[in-house]
Amino acid sequence: MVSLSDLHVPFHNEALVDSAIRLIRKLKPHNVVINGDVADFFELSRFCNDNSREQELQSDIDVSNSIRSRIRKAAPDARLIENEGITTTGSGRTC
């Protein structure tokens, strides 16, 4: 099993994602768990009134889905399990 957690697209570390994809390809796990918060969804946050990224929501969704596709391609036979990220305090980012 390989587990990825808290990528927070678009604030993710692309080099780390690339490394994780290489590891998944090498290990050929039976299960890959994406353990919440793939996307940060800063644009929708109730904790921040800064709307400077408001038009970037679709791009963030597209990047998140691209990462999911890369995982699937790296582990075509693995069971993908994605847990929702739940937060009550926000991501901790300041506006």
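The values are calculated or read from the model by the stated rules, or taken from the named source; none is laboratory data. Worth saying up front: this structure is predicted, and the values here are computed from it rather than measured. Quick reminder, even Gly has a Cβ in these numbers, built from the backbone with ideal geometry, and neighbours come from all protein chains shown.
Would a scan of the range 47-57 turn up a residue that is surrounded by 11 or more Cβ atoms within 10 Å (Cβ to Cβ) and within 16 Å of residue 82 (Cβ to Cβ)? No. Could you please let me know if residue 63 is in contact with a strand residue (DSSP E or B) (Cβ under 8 Å, 6 or more places away or on another chain) and part of a helix (DSSP H, G or I)? It is true that residue 63 is in contact with a strand residue (DSSP E or B) (Cβ under 8 Å, 6 or more places away or on another chain) and part of a helix (DSSP H, G or I). Determine, yes or no, whether residue 56 is assigned to a helix (DSSP H, G or I) and not hydroxyl-bearing (Ser, Thr, Tyr). It is true that residue 56 is assigned to a helix (DSSP H, G or I) and not hydroxyl-bearing (Ser, Thr, Tyr). Taking the numbered list (1) farther than 13 Å from residue 5 by Cα; (2) surrounded by fewer than 17 Cβ atoms within 10 Å (Cβ to Cβ); (3) in contact (Cβ under 8 Å) with a residue 40 or more places away in the chain in turn, residue 15 passes all entries but (3). Exactly one residue among 37, 6 is touching a residue at least 60 places away in the same chain (Cβ under 8 Å), under 9 Å from the mean Cα position of the chain (by Cα) and not in a strand (DSSP E or B), and that residue is 6. Inspection of the range 12-30 finds no residue satisfying the criterion of being modelled with pLDDT of 90 or more and part of a strand (DSSP E or B). Only one of the numbered conditions (1) under 16 Å from the mean Cα position of the chain (by Cα); (2) surrounded by fewer than 16 Cβ atoms within 10 Å (Cβ to Cβ); (3) modelled with pLDDT of 80 or more is not met by residue 1, and that is (1).
Against the definition (under 20 Å from residue 75 (Cβ atoms) and either out of contact with any strand residue (DSSP E or B) (no Cβ under 9 Å at 6 or more places or on another chain) or acidic (Asp, Glu) (or both)), how does residue 19 come out, yes or no? When the stated conditions are applied, residue 19 passes them.
Residue 23 - would you say it is within 16 Å of the chain's Cα centre (by Cα) and on the phi < 0 side of the Ramachandran plot? No: the conditions fail for residue 23.
Taking the range 34-46 as the search range and keeping residues that are crowded, with 17+ Cβ neighbours inside 10 Å and in contact with a Lys or Arg (Cβ under 9 Å, 6 or more places away or on another chain), which one is nearest to residue 77 (Cα to Cα)? Filtering first and then ranking leaves 34.
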